[in-house]
Structures are given as C-alpha cells and as structure tokens.
Amino acid sequence: MSWLDMLQHQTRQLGQRALDQQLRLGITGLSGAGKTAFITSLVHQLCSGDLPEHLPFFEVVQQGRYLGGRLSNEQPLSIPRFAYERNLASLLGNPASWPVSTIGWSQLDLQLRYKPRNRLRASISHHSELHLQIIDYPGEWLLDLPLLRQSYQQWCEFSWQLFRQPHRQALSAPFAKRLAALNLQDASVPQLQQLAAEYAELLTQFRQLAGTYLNQPGRLLVPGELAGAPMLQLLPLLPEQLAQASPLLNKLSEHYSSYCQFVVKPFYKQHFASIDRQVVLVDCLSALNAGHAAMAELQQALALIMQSFQYGPSSLLRRLFQPRISRVLFAATKADHVTPEQHKALTLLLQQLLQQPIKHSHYAAAHSEVMALAAIRASSSGTVRQDGQLQLCISGLQRSDSLLVTLFPGEVPASLPPAELYQQHHFAFPDFLPPAVALQQPLPHVRMDHALQYLLGDKLR
C-alpha cells in the first residue's frame, strides 16, 4: 500500500470514528481460551447466521433491521488478516477440527449494514453502516504486558517465586541447578544463546503442563517476526545472583529493557491503546481440571494482565484522541462442556475469579457483563434414565478418541474451591471435537446472540 493509500485509509477511519461509525473490538484471552474459535463464530454469525431463530436475543436481527455483514475490502494490505476462511474450513471439514492457534497478530474488518431505528436517521438514509475492526493476537504475547511495570530484578524474583511452586518445581529444578553453576562473568553470545534456548525449552515444557499460565516472556514461545533477535536472549537469573553487578546480569538487564521498550510497548500501543470494547475469554473448566494451583495461577495471571488496560466512558474526543475501553464482556468459554443448569454456577465462578478486574472496570465507569457461552456448541444436552430417575447429561465427540459419549460431566463450583476440595474430588470436565455442520447452516452456539447484543446492540440502533 502506497503512502497515499494509507493516508486515505487513515482519513476514512478518522471520519468514521468522528461519526461513531467505527468500533475496534479486542479479543483478550490466554492461550487455549478459545479466541480463534470465538472470532470465527462471531464473524460467521454476523455474515451468515443472521436468522431470527438462530440469534433470538440480538435485537437488530429480531426487529428485522439487520441487512447483513460482509468482510471489508478496505483493510490495508500491510495489516495481517485474520484467517477467517481457513478457520471456517476447519470447522466445516469432514471430519471437523478446531482451528489452529494464533501465531501472530491479525485483524479483520467487517462492514455491518442495518436500518436505523431512529425515524429521523431513517428518513435521511435508507441504511446505516458500522465498520467493525476485530483484533487478534497470541495469548502468549498478552503475558508480556505486566513486564512494563517490573524491573529486570523484580521479574527475576517474581519468576522464581512462581517456578518454585509445587506444580512447577519438578520441571524448574534442573534449570535452577544449571543457573547456580554459571560463571556470571561470562556474558558471551554463545553462553547467552545456549541459556536462552534452555529457558525457552523450559517454558515450552511449562506450556505443555496443564494449569501453568504465567510463562514469560511470551515471545520466547511464539517469537513471530522476532525469531533469532538478540533481545530474545532473555531469562531470569536466580534471586541470589542479583546481589551484585556482573557482566551477565548487566547484559540480561539490557536485553530485558530493550524487550520492554521495542517489543512490549509498541505491541501495547498498536493493539490495545485504541480498543473501544473488549472481550475477555477465560477457560475455567480446564483450570478446575488441573487443580488448585492452576486455578490460583490463572487468577493471578488475569489480574496482572487486566491492570494494563485503560477503561472509562466513551466520548467524541476520546474516540478520536484518547480511546478508552468503555464496555467489557467477561466470558467463561466452553459452556457446552457442562449441562445447562450449571451455566449459572460457571458464571458465578468467573465473577469471583475476576473479582478485582471487574471492580477495576467499574471504578473506571466502564460497563461490564459476565456470562457463560460457547462460541461453537460442540455438544447436545438432554436426559437419560438411570436407576429409574432422569439424569441430566450432554453428548459429544471426545477429542481424545473421536468417540461419541453421553455423560454427566459434574457440577461446577459457584465459587473458588478451597485446596482441600481438590484433595477430595477430581474435576474431569470433557473436551469435545467440533460438531458436524452442513455448509449452508450457521454455526451452533451458546449465547453468542447475547454477546453480540451486549457488544454491538447500542451501535446498531
């Protein structure tokens, strides 16, 4: 794209924001929370699933005012495009499969057309448009935001406090032993490369361990365009190695500062500083399956990350020059992995898990909503007769072996369970493959219409 085309694009965007015809929606969630599936479903519902019986709580559709949505042709070629068609093809394949995880940031622009409800606006124009920009990025990169509030020494102390927790200690012990034997006077490139590679391997092992969420820096796991960059030669020294200056400490501190300055800060400014509305996706069920330490670490990770966002009411001047997140949807994903009567408990659990971030958004006068949803419903619910009594259950294809199972997955605690409960009870919520969906049918969901109404309803009036 030439500089003239970019200037024209930016001018159009500025005009749309001034007229309140543009909305930037950020999809936030740790790795595995379901961001890719959520975005794919959201786009599909807006472009292909806009039927009253399919989206009963999306007012603009129910009132017959929604004229449809389409992918925009105005997205600059320099901006990575979210792979909507590829992800949809995975979900509609035979057999169907979940889309691959995000490995870089991307954006998808939509044009939503609707009939205005306001009579004055309707008399001026037959239809109105909302330009929707959806921002996606790897969940691993999200974990870098807390680094902006820490020095290198503070990050080292935080990291090893975390690595010495019972659920991480067995994996981290060999690396701690390796660091303890280091010559801190050796800050050569070969030593830094070797240490960074070993630390990246440790982070990879952590990521494969259920219930570990705080793996920093995220770019060591998903480097993107920074693969091989010297500033990724980064690792936390042991706290006892920070007492006095050394060439290795100085070099790592320098890399840490460069990483924050040239990677994390631009990432924040480019992708978060101009977000109008936000979806925070949380997989509570996998954390429950992994145990008490996992749930505690998930809560800690979310609290640290959410401190990085700016919340507050929207206005014309703020939309143009100092955007704030005015509306937040906190969503517990995989609601289809439990029976419908457990959705209320799942919502209450998420409320308690995110108690501080929710209070933070309220204090800043931003609107927030908490709900349990499934962007793509992978199970069906019903009842079976057992011992002469009806038992609630769900049915779906197990991800592990593709076999159809019918089961009662268990009850969801309505509050954060104490450690003692995990010793007495093991949670085992299932994991399902996506359902078989005909090409002309909209993707099945749980409460995506509620989500659309909350996120977009007031903009489509």
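The values are calculated or read from the model by the stated rules, or taken from the named source; none is laboratory data. All values reported here derive from a predicted model rather than from experimental measurement. Counting neighbours? That spans all protein chains shown, and the Cβs are built from the backbone with ideal geometry, glycine included.
Pairs, please: C-beta under 7 Å, at least 6 apart or cross-chain, first residue within 23 Å of GLY69 (Cβ to Cβ) and in the stretch 81-108, second surrounded by fewer than 16 Cβ atoms within 10 Å (Cβ to Cβ) and of a type in the set (Ser, Thr, Tyr)?
SER90/SER97
Just one of ARG178, ARG207, ARG219 is of a type in the set (Lys, Arg) and surrounded by 20 or more Cβ atoms within 10 Å (Cβ to Cβ); which is it? Walk me through it before giving the result.
Values: ARG178 fails: surrounded by 20 or more Cβ atoms within 10 Å (Cβ to Cβ); ARG207 fails: surrounded by 20 or more Cβ atoms within 10 Å (Cβ to Cβ).
Only one candidate qualifies: ARG219.
Matching residues to (1) of a type outside the set (S, T, N, Q); (2) in a helix (DSSP H, G or I); (3) within 26 Å of the chain's Cα centre (by Cα):
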{"site": "LEU237", "(1), (2), (3)": "yes, no, no"}
{"site": "LYS251", "(1), (2), (3)": "yes, yes, no"}
{"site": "SER258", "(1), (2), (3)": "no, yes, yes"}
{"site": "GLN261", "(1), (2), (3)": "no, yes, yes"}
{"site": "GLN270", "(1), (2), (3)": "no, yes, yes"}
{"site": "LEU288", "(1), (2), (3)": "yes, yes, yes"}
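Just checking, which of ALA196, ALA173, ALA180 is within 22 Å of HIS292 (Cβ to Cβ) and out of contact with any strand residue (DSSP E or B) (no Cβ under 7 Å at 6 or more places or on another chain)?
Answer to the selection: ALA173.
Does GLY312 satisfy the condition of being of a type outside the set (S, T, N, Q), more than 15 Å from the chain's Cα centre (by Cα) and closer than 29 Å to HIS343 by Cβ?
no
Looking only at the stretch 101-142, filter to residues that are of a type in the set (A, V, I, L, M) and modelled with pLDDT under 90; which one of those is surrounded by the fewest Cβ atoms within 10 Å (Cβ to Cβ)?
LEU120
Among the residues of the stretch 206-243, what is the count of those that are without any contact (Cβ under 8 Å) to a residue 60 or more places away in the chain and closer than 23 Å to VAL189 by Cβ?
12
Of all residues being more than 20 Å from PRO357 (Cα to Cα) and among the aliphatic types (A, V, I, L, M) in the stretch 250-280, which is surrounded by the most Cβ atoms within 10 Å (Cβ to Cβ)? Just the residue, please.
LEU252
Where in the stretch 36-147 are there strands (runs of 3 or more DSSP E), lying wholly inside it, with at least 2 residues that are touching a Ser or Thr at 6+ places or on another chain (Cβ under 9 Å) and of a type outside the set (Gly, Ala, Ser)?
106-114, 128-136
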